Amino acid sequence: MKTYPQNILNQIKENYILGVLADENESFPNLGDDSSPITYASQMNDIIFYIKPLSQEPKEIREVEQNSFNMAPYYIGFANRFFNNSFNNYNYTINERIDSLRKKLKNKLILFKPVLKVDEKRERYHKNIDEIVIEEDDWIYDMEYHAVPNIQMTRQEFEKALINQEAIDLKQYNHAMPAPLFLMCENHIYGNIKENQWRIDSSKSNSARILISPSTIKRIELTDTEYIEKIVSEREAIVFVEEPFLMETISERIEKEGVSGDEWKNEWMDTPSGETTFTDEVVHGYSQVREVSSNELREIDFIKELDLRAKERKLVYAKTDLINFHASVKSSALTILTGQSGIGKTQLATLYGETLGLSQDNDTMLILPVSPAYTEPGDILGYLNPTTGLYMPAETGLVDFLRSADENENQVHMLIMEEMNLSQIEHYFSPFISLLELEEKNRLLKLYSEGAVCHNNQTYKPSIRLRDNLIIVGTMNMDETTKDLSDRLLDRANVVVLEKRSFKEIKDELLMTKDNPTINKNIGAEDAYGQLYMSWRSKKDSWEALSDKELEFFDELDKSISKVDPLKGFSIRNIMRMGTYLNNIPVDIEDSYQIESREAVDLFIKQRVITKIRGPVETYESLIGTLRTSEETPDGQLYKLFDSDKAKEISDFTKTKIDLSRKARELFANGYAT
């Protein structure tokens, strides 16, 4: 039996459902003395009645129904709770009281709040009723209704909020309900809305949502006659509209006559610089309408937003690290964040996802803490049970997350593997490592054999495609409790080592952010960033990023390494990855968030090539050299190459030489470089 926290149960009963007394010919649970829609229950000493829902129900209630074999579709009401007149007048017989209640309820629309009640003893749920209202309108046989949030704002305020992607408070239709497909404000209905356009904003209330890509929305105006005849049970913040009228007549009118977002602004907005506009653009091979500002929502704005969000949480990262991490994520199937314990590796990865509008609530981000007990892929994925014939997904939730990414290819998904080297990555993560370098069409993650018997194969198919919309970021600590990374993994991942800032630098930057009133988050922009992310990935050929002079230098670097260890040279894969990385460095025309090409080359060499140069002094002394003190410079071949005049034409290789010096000190002190 699945359990729901109390806050979810409380949310459920804040909503409204429209219903009708159940039909006499239907079957009911054995709660009363007979099988009738209104019956006396001797064990409760009460009259109970069954209400059939006619409008949307909370998601958790639908989930309980789907997972319960014998749960009735009706809601149960108790006369003693709701009625204080002749229905409970004990001067009348039970049958007279039942007849009186039947006359009151029969063929009437009944508005109520749903209650999901837990029966822990019997391990089951019951659907009950709260705050019942009997409407004056009669029910039209077979008619169903659609609950539409009625926005308590002026139409101009509402439309501005939509365009600016501000949170809209959907009172009386909160997060427990399915995402609304229509909205109402004043006497206008807004449609052409999809469920996946909504993002929950729990920071404001349990009914606040943000509508992304509002350019698709259109509105029409209802006539007075339509309003009177087709809308029933109007409440402060919700109305109920006849389903056929809404889904057929209104939907058709919205498609043909609907007024779009651009036209809203012409009605009530001035056009100052910086206004929001909509423009057509080809994104990732598809023609899409995306929302931009007149200043253009640039990629660099996303990095600035990420920086501000970090500082809000008292985290200060070097701008170079933020840009490097961003470019690494765009250009590599796997990015690994490492650095001093407590520096904020997981927080940076999480903030990156949140700034893109991703969250664990909407299944677009998954934080997976790695356990030392993971020894094989089944520990994080799951397995096909040969006894039951059922695929059993692991408790990590990874399979369902990957299914979501596969089924929603235009929505970015981010997997964060926390402390991923607590167990041997090459063991539990081996299928992913093999697939990371393949083209999307060939990246099929096998869950079980195609010919195997799997009874739930409609949900869990034999394989899942790992699409380009999947971002994988791992975090690592390097100590005695962790496992080393193999060359095979290092050849497929960017390893970003976060710089430790001085305490004074951290204090100064946090104070500057706090004291500067002009620094504000761009509220709601994360959804636009998420929409644009795929278009930020460069389509340029990786070889175009590198000059002949650079290629000649890297050939020399490869020869130097290969003489010592042929398996650790500068591979063709790495030179192509370097080109892709360089192509994905964003350009900031203001130069405040900028990595020059020379610095980017240095960063890539350090995190993709030098990471593999490790081993015993007997093998690597000539290549790395040894250092007794920090004042000296290594006498190894690599340091001399990166310090040469030929190298300085390409980059100063500052970070690369610092890392080589560290390895040289380790060789002298420990006889082994890591």
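Where a number appears in this text, it was derived from the coordinates with a stated rule and is not lab data. The structure presented is a predicted model; accordingly, all values stated were derived computationally and were not measured. Cβ atoms come from the backbone with ideal geometry, glycine included; neighbour counts cover every protein chain shown.
As a calculated quantity, the FRET efficiency between MET512 and ASN196 at R0 = 45 Å, using C-beta atoms, amounts to about 0.70. Rounded to the nearest 10 degrees, the inclination of helix 548-564 to the longest alpha-carbon principal axis of the chain is 80 degrees. Cα gyration tensor of the range 145-268, axes a ≥ b ≥ c as square roots of the eigenvalues: rounded (a/c below 1.5), prolate (a/b > b/c) or oblate? Because a/c hits 1.5 or more and a/b fails to exceed b/c, the range 145-268 counts as oblate. Distances between placed amide hydrogens fall under 5 Å for LEU384 paired with MET392, all partners being 5 or more residues away or on another chain. Shown is the FRET efficiency for GLU252 and ARG313, computed with R0 = 60 Å from the Cβ-Cβ distance and rounded to the nearest 0.05: 0.80.
Here the chain is assigned +1 on the Cβ of each Lys and Arg and -1 on the Cβ of each Asp and Glu. Its dipole about the Cα centre then comes out at about 1820 debye. The stretch between ASN107 and GLU556, if pulled fully straight at 0.36 nm per residue, gains 152.9 nm over its current Cα-Cα span.
Starting from a Cα-only point model with no solvent, please compute log10 I(q)/I(0) by Debye for the range 299-506 at q = 0.11, 0.13 1/Å. For the range 299-506, the Cα-only Debye profile gives -0.54, -0.74. Applying the Karplus relation 6.51 cos²θ - 1.76 cosθ + 1.60 with θ = phi - 60° to the range 484-499 yields 3J(HN,Hα) values of 5, 8, 7, 4, 4, 6, 4, 6, 10, 9, 8, 9, 9, 9, 6, 6 Hz, where x marks Gly and Pro.
For the chain, the share of DSSP beta bridges that are antiparallel, to the nearest 5, is 75%. Distant-in-sequence amide contacts of ILE238, defined by a placed amide H-H separation under 5 Å and a gap of 5 or more residues or a different chain, comprise ASN150. Sequentially through the range 166-180, phi angles give Karplus couplings (6.51, -1.76, 1.60; θ = phi - 60°) of 8, 5, 10, 8, 8, 4, 6, 8, 8, 5, 6, 8, x, 4, x Hz, Gly and Pro residues having no value and appearing as x. For ILE336, the residues whose amide H sits under 5 Å from its own are GLY474, ASN494, VAL495, VAL496, ignoring neighbours fewer than 5 places away on the same chain, with H placed 1.01 Å from N. Here the simple spin-label model places points 7 Å from the Cα toward Cβ, and for GLN43 and LYS2 these points are separated by 2.7 nm. Working note: 222 nm ellipticity from helices only, DSSP H runs with n ≥ 4, each -39,500 (n - 2.57), summed and divided by the residues of the chain, gives -9500 deg cm²/dmol to the nearest 500. Applying the criteria of a DSSP loop state and at most 13 other Cβ atoms within 10 Å to the trypsin sites (Lys or Arg not before Pro) of the range 565-674 yields ARG628. Legend: distances between Cα atoms for LYS304/LYS441; LYS304/LYS539; LYS500/LYS648; LYS304/LYS540; LYS171/LYS311; LYS500/LYS657; pairs beyond 28 Å are LYS304/LYS441; LYS171/LYS311.
For the pair THR387 and SER463, a Förster radius of 30 Å applied to the C-beta separation gives a FRET efficiency near 0.85, rounded to the nearest 0.05.
Seen through its C-alpha gyration tensor, with square-root eigenvalues sorted a ≥ b ≥ c, the chain comes out prolate because a/c lies at 1.5 or above while a/b is bigger than b/c.
Please report the antiparallel percentage of the DSSP beta bridges confined to the range 299-506, to the nearest 5. Once the DSSP bridges in the range 299-506 are tallied, antiparallel ones form about 25 percent.
Projecting the Cα positions of THR674, TYR227, ILE416 onto the charge dipole of the chain (unit charges on Cβ atoms of Lys, Arg, Asp and Glu, taken about the Cα centre) puts THR674 furthest along the positive direction.
3J(HN,Hα) couplings calculated from phi for the range 450-466 with the Karplus curve 6.51 cos²θ - 1.76 cosθ + 1.60 (θ = phi - 60°) are, in sequence order, 4, x, 6, 7, 9, 6, 9, 6, 5, 8, 10, 6, x, 8, 10, 7, 8 Hz; Gly and Pro show x. Counting only chymotrypsin sites (Phe, Trp or Tyr not before Pro) that are in a DSSP loop and have at most 13 other C-beta atoms within 10 Å, tell me the longest site-free stretch of the chain. Longest site-free region, per DSSP loop and neighbour criteria: 142-674.
Using the alpha carbon gyration tensor of the range 538-673, what are the three equivalent-ellipsoid semi-axes (square root of 5 times each eigenvalue), largest first, in whole Å?
On the way: eigenvalues 152, 57, 31 Å².
Rounded to whole Å, the semi-axes are 28, 17, 12.
Most simply put, the range 404-479 has about 40% antiparallel DSSP beta bridges, counting only bridges with both residues inside it. Label zone (ASN410, point 7 Å along Cα-to-C-beta; backbone nitrogen cut-off 11 Å) within the range 197-239: 197, 213, 216. Among the aspartates and glutamates, select those whose C-alpha is under 19 Å from the C-alpha of LYS230, and discard any that sit fewer than 8 residues away in the same chain. Cross-link targets: GLU135, GLU136, ASP137, ASP138, ASP142, GLU144, GLU186, GLU221, GLU242, GLU243, GLU248, GLU252.
Model label sites at GLU649 and LYS121, defined 7 Å from Cα along the beta-carbon direction, differ in position by 8.8 nm. Between GLU221 and ASP130, the contour length at 0.36 nm per residue exceeds the Cα-Cα span by 29.4 nm.
Using a simple spin-label model with pseudo-atoms 7 Å out from Cα toward Cβ, GLU24 and MET143 lie 2.3 nm apart.
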